[in-house]
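One structure is given here, and the rest of the page talks about it.
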Amino acid sequence: MAAKPLLIFTITACILRNVAVSSPNSTLTAAHAELLEYGFPVGLLPANLQAYDLNRTSGDFVLKLDDTCRITLPPDNYLATYSKKVTGKIVENRIAGLDGIGVRAFFRWWRISGIRSNGQDLTFEVGYITKSFPSKDFDESLECEGKRSSS
C-alpha cells in the first residue's frame with residue numbers, strides 16, 4: 001500500500017518537470033519541482049526566479065533572481081532577504097553551504113547557512129543556532145514584496 005503514494009508522487013514530479021520544460025515560467029516550475037524531489041516544500045523559494053542550475057552529481061546549485069527580494073516568512077513574520085544570486089549544496093532533506101539568504105531576528109540580520117527537513121518540520125541553521133518551523137508553513141511560493149506578478 002505504501003508504494004501507491006510513492007508512485008503518485010513520482011508521476012506528479014515527472015509531470016511537473018515536463019510542464020516546466022514547455023511552459024513560459026519553466027524556471028519557476030522546474031526549480032520548485034527540484035525542491036520537492038529533495039524533500040523540501042516549494043515555499044522556500046520566491047516566485048521571481050530567473051534561472052537556476054543544479055549539478056545533480058555534487059548537489060551544488062545556483063539560483064538567480066531578477067532582483068534582490070524581501071519576503072515575510074510565515075508563521076512568525078520574519079523578514080527574509082534573497083540576494084540576486086543564491087548558492088549552496090542540496091542533498092535529500094538537507095541544504096548546506098547556503099549563501100544569499102538572510103533573516104531579520106532579534107533586531108539583527110542573520111545569514112541562513114543551512115536548512116534540514118524531516119518531512120514534518122524545517123530546521124533553519126544560522127551558524128550554530130537553529131530554529132524549526134512546520135513544513136506546511138512553506139507550501140506556497142511567495143511573491144517578493146513590492147513586486148508585481150508577471151502573469
Among Glu125, Glu143, Glu34, what is the fewest-to-most ranking by other Cβ atoms within 10 Å? Glu143, Glu125, Glu34
Segment 68-151: C-alpha gyration tensor shape, a/c 1.5 cut-off, then a/b vs b/c: rounded
Taking amide H atoms as placed 1.01 Å from N in the peptide plane, list the residues 5 or more away in sequence, or in a different chain, whose amide H sits under 5 Å from that of Asp66. Gln50
For every other residue with a beta carbon closer than 13 angstrom to the beta carbon of Gly43, add +1 if it is Lys or Arg and -1 if Asp or Glu, then tell me the sum. -3
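Rule-based calculations on the coordinates, nothing more; no lab input. Predicted model only: the values in this text are computed from it and were never measured. Every residue, glycine among them, receives a Cβ derived from its backbone with ideal geometry; neighbour counts consider all protein chains shown.
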